[in-house]
Amino acid sequence: MKILIVNPIIYTSETRNIKKANTIKDTMIYDLCLAFQNLDNEVVLAAAEDFQPVNHESYPFSVVWMKTKLKKICPPNVLPYCPEIKNIAKKGNFDMIITSEVFSLNSLMLVIRSKKNVIIWHELAKHNKIFGGIPSRIWYNFVARIFYRNALIVPRSSEAKTFISQYCNNVNDTVIDHGVNLDKFTLFTNKDNCFVVSSQLIKRKRINKIITTFADYLKLYDNNTNLYIIGDGDEKNNLENLVKSLNIQNNVHFTGKLNHNELIKYLQQAMAMLVYTEKDNNMVSIVEAIAVGTPIITTSIPYNASYIKANELGIVNDNWNAQDLYKIAGDDKFIKNCISYRNTVSTKNKAETFLNLFINRR
């Protein structure tokens, strides 16, 4: 089967000033394309050229870097507009097209041209706030209802399913979350006396809350435990100063941003990955932790939280504290549950599910 995957935003950028990465091989969409390719499909990934990596790379599938237009109205980091997708779809003669988001000019162009072979992989569970949310409300209430009637919509979470079902009747019951390459993220159950954070160091991630809670844990339970903070961002200096003010600099280690090979070692060894975000959708870092057998402590904000709670893959608590750290460190049932669940999060599983949904709908 010849498959086009349209994912203009390869990775998250908080601002319009997109910082180019060295590689896209550490991204979720790359591993999903690889999974389709390994299932004997011909794959083409269409992405915005704003996210083209600094280094020249070769890939086992085709990658088309699309120019983005009308950047003041359609910022590439939130709402990229890539008009050449029409020609790519037309000339490619694709059997199946997977495009990201209902609220997308790219998705609209594709469903108008190719209604029967398009799957819209939808993540958003609330209105986009750009221009006060007015374009989003108009889009879902009118554009989606009229033009998306024949396209198959596959939600990425139960929250996304509930949201988009208000506007579209053709939402599939099957939820396909982000996946992870299990060939890279291998299982490891011998945990060290440490926790890990894998995140941008920005305000909404509330890393400061994690640090102060970890400081409480050191005082109450075990002052030999380490916390590894993986990532970079505007808040790094403030966070380092917080660590010094709490006098826990011997226990907290800032590694900077790491590639997958380096990241995996820290994820594998941790007793838990810690998340205290106040705003997020599906978090790939959570899936990566589960894949290596590392439980999660998180707020209920990420859409992953619903299945973490349902399958006891960690602890979901909007105000988690030192007692939660102690609980997860002393109970290996969470690790066992991650082991049982990990095949569910594989990119191979996600690709097979997409293919089955597409074949059955025809």
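Got a sec? What order do His56, His127 fall in by accessible area at 1.4 Å, biggest, i.e. largest, first?
Values: His56 180, His127 35 Å².
From most exposed to least exposed: His56, His127.
Report, by chain and number, residues whose modeled amide H sits under 5 Å from the one on Cys194, excluding near sequence neighbours (fewer than 5 apart, same chain).
HN-HN under 5 Å from Cys194: Asn226, Met271.
Under a straight-distance cross-link criterion of Cα-Cα below 18 Å, which aspartates and glutamates are reachable from Lys257, leaving out those fewer than 8 residues away in the same chain?
Cα-Cα hits under 18 Å: Glu14, Asp26, Asp232, Asp234, Glu235, Glu240, Glu288.
Please compute, for the alpha-carbon atoms of segment 248-362, the extent along each of the three principal axes and give them in descending order in Å.
Cα spread of segment 248-362 along its principal axes, largest to smallest: 59, 30, 29 Å.
If DNA, RNA and ligands are ignored and the probe is 1.4 Å, what is the ranking of Lys20, Lys90 by accessible area, most exposed first? Write out the running numbers ahead of the final one.
On the way: Lys20 95, Lys90 135 Å².
Highest to lowest solvent-accessible surface, that is Lys90, Lys20.
Given a 1.4 Å probe and the protein chains all in place, what does the accessible area of Lys265 round to, in Å² to the nearest 10?
Probe radius 1.4 Å; accessible area of Lys265 about 120 Å².
How large is ³J(HN,Hα), in whole Hz, for each residue of segment 54-60 in order, when computed from phi with the Karplus curve 6.51 cos²θ - 1.76 cosθ + 1.60 and θ = phi - 60°, using x for Gly and Pro?
5, 7, 6, 10, 10, 10, x
Quote the accessible area belonging to Lys336 in square angstrom, nearest 10, computed with a 1.4 Å probe and with ligands, DNA and RNA left uncounted.
Here the residue's solvent-accessible area equals roughly 120 Å².
Local charge sum around Thr347 (other residues, Cβ-Cβ under 10 Å, Lys/Arg +1, Asp/Glu -1)? Let's see the in-between values first.
Values: positive: Lys184, Lys348, Lys350; negative: Asp31, Asp183, Glu352.
Around Thr347, the charge tally is 0.
Average projected area of the Cα convex hull of segment 104-181, in nm²? Working shown, then result.
On the way: hull surface 22.2 nm².
Taking the Cα atoms of segment 104-181, their convex hull projects to 5.5 nm² on average.
Over the chain, with a Gaussian network built from C-alpha contacts below 10 Å, which listed residue (Asp31, Asp331, Asp280) shows the highest mean-square fluctuation?
Comparing Asp31, Asp331, Asp280 in the GNM, the peak value goes to Asp331.
Distance from the Cα centre of segment 95-136 to that of segment 282-337, in angstrom?
For segment 95-136 versus segment 282-337, the Cα centre distance is 31 Å.
Longer than 29 Å from Cα to Cα, which of Lys20/Lys219; Lys90/Lys126; Lys67/Lys129; Lys25/Lys90; Lys203/Lys333; Lys2/Lys336 are they? Say none if no pair is.
Correct reply: Lys20/Lys219; Lys90/Lys126; Lys203/Lys333; Lys2/Lys336.
Kindly state, as a whole number, the per residue volume in cubic angstrom of the convex hull around the alpha carbon atoms of segment 36-191.
Working: hull volume 26.1 nm³, N = 156.
Roughly 167 Å³ of hull volume per residue.
Can you list the residues, at least 5 places off or on another chain, whose amide H is less than 5 Å from the amide H of Ile119, using H built in the peptide plane?
The list, which skips near neighbours in sequence, is Ile97, Ile98, Thr99.
Calculate the radius of gyration of the Cα atoms of segment 1-124 to one decimal place, then report Dmax, the largest Cα-Cα distance, as a whole number, both in Å.
Both quantities, over Cα of segment 1-124: 13.7, 40 Å.
Tell me the label-point distance for the pair Gln323, Leu220, using the 7 Å Cα-to-Cβ offset, in nm and rounded to one decimal.
0.7 nm
What residue among Gln269, Gln52, Gln249 shows peak mean-square fluctuation when the chain is described by a Gaussian network model with Cα springs under 10 Å?
Fluctuation is largest for Gln249.
Based on the Cβ-Cβ distance from Asn190 to Asn237, what FRET efficiency comes out when R0 is 30 Å, to the nearest 0.05? Mind dumping the intermediate values first?
On the way: r = 35 Å, r/R0 = 1.15.
The computed FRET efficiency comes out at 0.30.
Treating the beta-carbon of each Lys and Arg as +1 and of each Asp and Glu as -1, no other charges, what is the dipole magnitude of the chain about its Cα centre, to the nearest 20 debye? List each step's numbers first, then the result.
Values: 44 positive and 33 negative charges, 287 e Å.
Here the size comes out at about 1380 debye.
Need one value: the accessible area of Leu220 in square angstrom, 1.4 angstrom probe, rounded to the nearest 10.
Surface accessible to solvent at Leu220 totals approximately 110 Å².
Report, by chain and number, residues whose modeled amide H sits under 5 Å from the one on Gly233, excluding near sequence neighbours (fewer than 5 apart, same chain).
Leu201
Over the Cα atoms of segment 194-276, what Rg and Dmax result, in angstrom?
11.8, 34
The values are calculated or read from the model by the stated rules, or taken from the named source; none is laboratory data. Quantities reported herein were computed from a predicted structural model and do not represent experimental measurements. For neighbour counting, all protein chains shown are included, and Cβ atoms are generated from backbone atoms with ideal geometry for every residue, glycine included. Areas reflect the complete protein model, heavy atoms only, side chains present, ligands, DNA and RNA absent. Shrake-Rupley method; radii C 1.70, N 1.55, O 1.52, S 1.80 Å.
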